[in-house]
1. Residue check, Glu248 against (1) charged (D, E, K, R); (2) surrounded by 24 or more Cβ atoms within 10 Å (Cβ to Cβ); (3) in contact with a Pro (Cβ under 9 Å, 6 or more places away or on another chain), all met but one. Which one?
2. Conditions first: (1) farther than 12 Å from Glu69 by Cα; (2) over 14 Å from the mean Cα position of the chain (by Cα); (3) part of a helix (DSSP H, G or I). Gly259 passes all but one, so which condition is the exception?
3. Of Ala224, Ala267, Ala201, Ala211, which residue is buried (at least 23 other Cβ atoms within 10 Å of the Cβ) and not hydroxyl-bearing (Ser, Thr, Tyr)?
4. Suppose the filter is modelled with pLDDT of 85 or more, part of a helix (DSSP H, G or I) and within 24 Å of the chain's Cα centre (by Cα); does Ile317 pass it?
5. Filter region 280-299 down to residues that are surrounded by 23 or more Cβ atoms within 10 Å (Cβ to Cβ), among the hydrophobic types (A, V, I, L, M, F, W, C) and in a helix (DSSP H, G or I) and give me whichever is nearest to the chain's Cα centre (by Cα).
6. Going by the conditions given, is Val141 among the hydrophobic types (A, V, I, L, M, F, W, C) and either in contact with a helix residue (DSSP H, G or I) (Cβ under 9 Å, 6 or more places away or on another chain) or not in a helix (DSSP H, G or I) (or both)?
7. Of the residues that sit in region 12-36 and are modelled with pLDDT under 80 and closer than 25 Å to Ala267 by Cβ, which one is surrounded by the most Cβ atoms within 10 Å (Cβ to Cβ)?
8. So is Glu326 of a type in the set (D, E, K, R), assigned to a helix (DSSP H, G or I) and farther than 20 Å from Cys132 by Cα or not?
Amino acid sequence: MYQRLLLTLIPLSFVLHAIDVDPRIVFVVSLSAIVPLIEFMGIATERLSKRLGSVVGGLLNSTLSNAPELIIGIVALRNGLGRVVKASLTGSIMVNLLVGLGCALVVGGLKYGLHSFDRRQFRSSGLMLVMCGFCFIVPAVFRIGTPEGTRDLSLELSAILLVIYVGNVLISLFNSQHHVEDATPILNGDKESYSALRSLAVLGLSGVMLAFVSESVTESLIPATRVMGFSDTFSGIVLLGGVGGIGEVLTAVRFARQGKQELVMAATVGSTIQMVLFVAPLLVFTGLFLGQQMNLSFSMFEVVSIVLSIIIAREIINAGEATWMEGLLLLATYLILAIGFYHLPDSVIARDQTAAEGTAMPALKMNID
């Protein structure tokens, strides 16, 4: 019942945005409108996973739930805010690995006592997380002494990441094929096929609507945070990144309540991997197409936060099990990093990012008109 009520917020958010209502109201309404879309995506993913397997179901969900990050990045790049794109990507990674996984572990741990999964199944995911961390460390290291070369390095790395992304998708689909074959005899022919097609339609439609609502959230967030007095750094990493990652958080909590630990890992860790392998390099090429400054050379503070998040998440993957206490520690880690970014002056980030981009750039000014 509440889902139908929240669905009315979707057109309401568009109307409020069109008539230039107070940006804080538009932001809250648009953010609330995301909730039912994520719920429908979770239901559709659950039904698809019964037929196609949890790997494919998680793959579809993580792909479509990354739509907000992609839309946020494109909108920001179109407005010449390349540094905002990097901040939102950093925040989304932190939200996925610390908040999403942390909330899921707390919910699942309190309900079932122990959150366990087959660590062998996610061994490759742990290794890919480490490689994702390298993709941010390498540009940060090699920009020392040669900052003018960071853009070319980012383009080369982005091409490699996209190739790895395609390979990862193909391998995931190939490995899950036997699950599909095993499930086929118990299905009811056309009825189940229709159900699968309907679930795919729900996923696609929800993803498209999620993208449009996310754009409304993005455009209202900047002036709203200006009114509330937040810094550009905190707004980009914590608030904008939180908006981009809210889908993974809600989906992970949903799966944790149902005791589906594999889907929890796919919705958090898998989504992070796809974000680095697909969304980040795609935004680099989008920036090149739009003539805007965008690369994979993040500030030192952002790189440290990303690497710390990856290390903690990989430790949980290697353990193969976790309690609600580990989830609480993940949430505490996110709060510590968020407090750090809250007190970090924009001038420090601007100076560090200017060195990363190799050009003299003015301090970030967000257009609130």
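The values are calculated or read from the model by the stated rules, or taken from the named source; none is laboratory data. Quick caveat, the model's predicted, so the values are computed rather than measured. Positions of Cβ are backbone-derived with ideal geometry, glycine not excepted, and every protein chain shown enters the neighbour counts.
1. (3)
2. Every condition holds for Gly259 apart from (3).
3. Ala267
4. no
5. Among them, the one singled out is Ala280.
6. no
7. Ile34
8. Yes.
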